[in-house]
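Report on one structure; see the data block that follows.
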Amino acid sequence: MNKPLFFLFIFFCSLQTFSQKLVCKSNGTILNSENQKISPDQVRELLKDNQKLLADYNAGRTKKTFGNILLIGGLGLLTADLIHGATASGMNAVPTGGGYYSLQTEKTYPTALTYVGVMAVIIAIPVKIGFSKKIKNVVTEYNNQMATGYNQFNKQKLDLITNSNGIGLRLTLN
């Protein structure tokens, strides 16, 4: 009695180890069940059988890239305009006639670069929030599918076998 239960337990344990749980960190990094970082190419390889999850993951990665470009570009524009405003004298010599020049002050900061930089940073915030939610949803759906056995094996077949020794069941997984 113990021997069949032992083999049944080993069988189900092997099925459980076949399915891999994924964990998503807040910055979009995906870790496997051993807390090792998985590269985006490896994640795409895991998701290749489910086109919907793969498309959502790729959309999340695109949003992450776009958000990073907006955030870094916006901060760069703000910094560049701040440096320009701090180093510009703000004084211009304006000819008044007869070979004389008058000095007039001119507002040099903030310019249009500051406003474009602020808008880029403001737009980057919801984009970066959206990418992390999208990737977390992909990881959650993948883990749910692996827990329910979705797409774990391509062909499953159960046969009833009889011979002179008795009756049995044969489960073919491939």
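The values are calculated or read from the model by the stated rules, or taken from the named source; none is laboratory data. Only a predicted model underlies this, so the values are computations on that prediction, with no experimental measurement involved. Because the Cβ atoms are built from the backbone with ideal geometry, glycine has one as well, and the counts that use them run over all protein chains shown. Calculation scope for accessible area: heavy atoms of the full protein, side chains included, ligands and nucleic acids excluded. Shrake-Rupley method; radii C 1.70, N 1.55, O 1.52, S 1.80 Å.
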**Request:** Restricting attention to the stretch 41-55, report how many residues are assigned to a helix (DSSP H, G or I) and open to solvent by 40 Å² or more (accessible area, probe 1.4 Å).
**Result:** 8
**Request:** Give the residue that is least open to solvent (accessible area, probe 1.4 Å), with candidates limited to residues of the stretch 155-174 that are of a type in the set (A, V, I, L, M) and in a strand (DSSP E or B).
**Result:** 161
**Message:** On the basis of being in contact (Cβ under 8 Å) with a residue 40 or more places away in the chain, closer than 29 Å to residue 71 by Cα and either among the small types (Gly, Ala, Ser) or part of a helix (DSSP H, G or I) (or both), does residue 129 make the cut?
**Reply:** no
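Please go through the stretch 17-32 and pick out each residue that is open to solvent by less than 70 Å² (accessible area, probe 1.4 Å) and at pLDDT below 85.
19, 20, 28, listed by residue number.
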**Matching entry among 80, 93 (being within 43 Å of the chain's Cα centre (by Cα) and not aromatic (Phe, Trp, Tyr))** = 80
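So that you can scan it fast, the table gives a plain yes or no per residue for (1) β-branched (Val, Ile, Thr); (2) surrounded by 12 or more Cβ atoms within 10 Å (Cβ to Cβ); (3) in contact with a helix residue (DSSP H, G or I) (Cβ under 7 Å, 6 or more places away or on another chain):
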{"site": "64", "(1), (2), (3)": "no, yes, yes"}
{"site": "98", "(1), (2), (3)": "no, no, no"}
{"site": "120", "(1), (2), (3)": "no, yes, yes"}
{"site": "123", "(1), (2), (3)": "yes, yes, yes"}
**Asked** Out of 135, 83, which single residue is outside any strand (DSSP E or B) and touching a strand residue (DSSP E or B) at 6+ places or on another chain (Cβ under 8 Å)?
**Response** 135
**Request:** Kindly indicate whether residue 107 is open to solvent by 50 Å² or more (accessible area, probe 1.4 Å), among the basic types (Lys, Arg) and free of Cβ contacts under 8 Å to residues at least 60 places away in the same chain.
**Result:** yes
